[in-house]
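So the structure is just underneath, and the comments pick up after that.
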Amino acid sequence: MASKGKIKVLILGSGGREHALLKVCLRSPRVSQVCVAPGNGGMAMEAECLPVDLTKPAEVVALVQRTGSQFVIVGPEVPLAHGVVDALESAGIPAYGPLASGARLEASKAFSKDFLFRHKIPTAAAETFRQLDPAIAYVRQQSLPIVIKASGLAAGKGVVIATTHAEAEEALRSMMETKIFGSSGDEVIIEEFMQGEEASIMLMVCGEEYLMLPPSQDHKRVGEGDTGLNTGGMGAYAPTTVVTPEVERRLREEIIIPTLRGLKADGIDYRGTLYVGIMVTSTGPRVVEFNVRFGDPECQVLMPMLETDPIEIMEAIAAGTFKSSSVKLCAGSTIIVVLAAGGYPGDIRKGDVIEFPKDLPAGVDIVHSGTQKLPDGRIVTSGGRVLGVVAHGATLQEAVKKAYSVVPKIRFEGCHYRRDIGYRQLKRDAGL
Ligand code: AMP
Ligand code: GLY
């Protein structure tokens, strides 16, 4: 790999995950130049950001050709589901991310549920419905809580955990009748509620060969102690010991290996990230969902934990030559604390100027999500999750301390964040 010439890279996306991937490119000895489409305020300070419609594969191919990019890293799921990697492959441009056939694991929950059942992979029992009346009749007979999911992409908002039958019916009506998620609610899944603690398992997959990154934990609720509304993720840390050696053994044997074999058996040549959301239940790990890209904010904590250059891994996966035995991981723990805009996850404030600390302690970095760079150079808020403070330490406790020493030094009107990121693991580490 080292003997090859350096490459020009294009990153697709505009969130914190993509800013973390940009930082990987800027550190990589493999990369001569990097640009981003469409990017955000933080990325605009470090690389050229270009406009693009990520749902239009032909537009992406034209952009790659115009910029002379030699490798494309696809951040979010939407371009993958629209077949951007298929179009790039047809144009002879290597890219990191699965083809549309693999992206269906995230783009259609009905498809992924069927995949899990066919390949006998542990997951929640579920039924799929296309008609409201049979869905309502079915849900009335189920015990509570019960989980209602829109099958299509709904930006992480298409899941309702109903604690009463009235709430379950209301969720079905809003998805199937009022169409709050548009055609994503044409098919709805009614699923058994799984009790346990969740973990995010990020795999970098090349057919049946895979690298499992350290298990991480996201914090989806807006409020401390996991209360309040669901968000895209208010913080994350890795590694998490909720995945004990025994859980990891079962995860690999009962979930990961059957999934990769199943993909192959179904004729899907999967190359890219496979994010397996698991619930660690009293009967073992079970799949909550698949995503076909890195988690955000999990990506921000996992990239700094790779001692091997992630670009080398992504290039080898795209080429179909990856061997996980060559990869080295770093010791220690990493955390991200997300700073959100006023009103998030509801109607958010935008356009507030952000003040940054003058310098950062060693091992701490700021990753931008919803920010914009004004022509005068100031950075303003422009999205729900505004930015994140990433910190690495020998222990999680040290990483937490470092991150929270910087968080209050970032200021903008309406800013809010959780003060308890990593609390489950800190308790475990303290033997509580
Ligand atoms: P999903 O988009 O499928 O990941 O669902 C979003 C969140 O809802 C998950 O991260 C879980 O916290 C929760 N969830 C989804 N399905 C279930 C389930 N069957 N049992 C318990 N919690 C679930
Ligand atoms: N952090 C959860 C996700 O990226 O879906």
(message) I'd like the Karplus ³J(HN,Hα) series for segment 60-73: coefficients 6.51, -1.76, 1.60, θ = phi - 60°, whole numbers in Hz, and an x wherever there's a Gly or Pro.
(response) 5, 4, 4, 5, 4, 5, 5, 8, x, 6, 10, 8, 10, 10
(request) In whole Hz, with x marking every Gly and Pro, tabulate ³J(HN,Hα) for segment 99-114 from phi via Karplus 6.51 cos²θ - 1.76 cosθ + 1.60, θ = phi - 60°. (result) 5, 4, 4, x, 5, 4, 4, 9, 5, 9, 5, 5, 5, 5, 5, 4
(request) Run the quick spin-label model on Asp266 and Gln141: label points 7 Å from Cα toward the beta carbon, then report their separation in nm to one decimal. (result) 2.7
(request) Can you tell me the order of 295-307, 167-179 when each peptide is scored by its average per-residue count of other Cβ atoms within 10 angstrom, highest first? (result) 295-307, 167-179
(message) If each residue of separation counts as 0.36 nm, what is the full-extension length gain between Ala394 and Gln195 once their alpha-carbon separation is subtracted?
(response) 68.5 nm
(request) Would you work out the charge dipole size for segment 292-424 about its Cα centre, treating the Cβ of every Lys and Arg as +1 and the Cβ of every Asp and Glu as -1, and quote it to the nearest 20 debye? (result) 340
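What 222 nm value per residue comes from the helices of the chain, counting each DSSP H run with n ≥ 4 as -39,500 (n - 2.57) and dividing by all residues, nearest 500 deg cm²/dmol?
On the way: 15 runs with 126 residues, N = 432.
Per the formula, -8000 deg cm²/dmol.
Arrange the peptides 79-86, 197-204 so that the one whose residues have, on average, the most other Cβ atoms within 10 Å appears first. Working shown, then result.
On the way: 79-86: 23.8, 197-204: 21.2.
The most tightly packed comes first, giving 79-86, 197-204.
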(request) Obtain the nm distance between the two label points defined at Glu170 and Ser326 by a simple spin-label model: each point lies 7 Å from its Cα along the Cα-to-C-beta direction. (result) 5.5
(message) What is the sum of charges, Lys and Arg at +1 and Asp and Glu at -1, for the other residues whose Cβ falls under 11 Å from the Cβ of Arg424?
(response) -3
(request) Collect residues whose amide H, placed 1.01 Å from N in the peptide plane, falls under 5 Å from the amide H of Thr123; neighbours closer than 5 in sequence don't count. (result) Val287
(message) Give me, ordered by chain and number, the residues 5 or more places off Tyr96 or on other chains with an amide H under 5 Å from its own placed amide H.
(response) Val72, Ile73, Val74
(message) Which one, Gly277, Val338, Ala107, projects farthest toward the positive side of the charge dipole computed for the chain from Cβ point charges (K/R +1, D/E -1)?
(response) Val338
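Starting with the highest mean, order 276-282, 50-56, 230-236 by the number of other Cβ atoms within 10 Å, averaged over the residues of each peptide.
Numbers: 276-282: 17.9, 50-56: 15.1, 230-236: 24.3.
Final packing ranking: 230-236, 276-282, 50-56.
What size of dipole, in debye to the nearest 20, comes out for the chain about its Cα centre when the only charges are +1 on Lys and Arg C-beta atoms and -1 on Asp and Glu C-beta atoms?
Working: 47 positive and 50 negative charges, 149 e Å.
For this selection, approximately 720 debye.
Values in this text are rule-based calculations from the coordinates and carry no lab data. In this text, all values refer to a predicted model and were calculated from it rather than measured experimentally. Cβ coordinates were reconstructed from backbone atoms using ideal geometry, including for glycine residues, and neighbour counts include every protein chain displayed.
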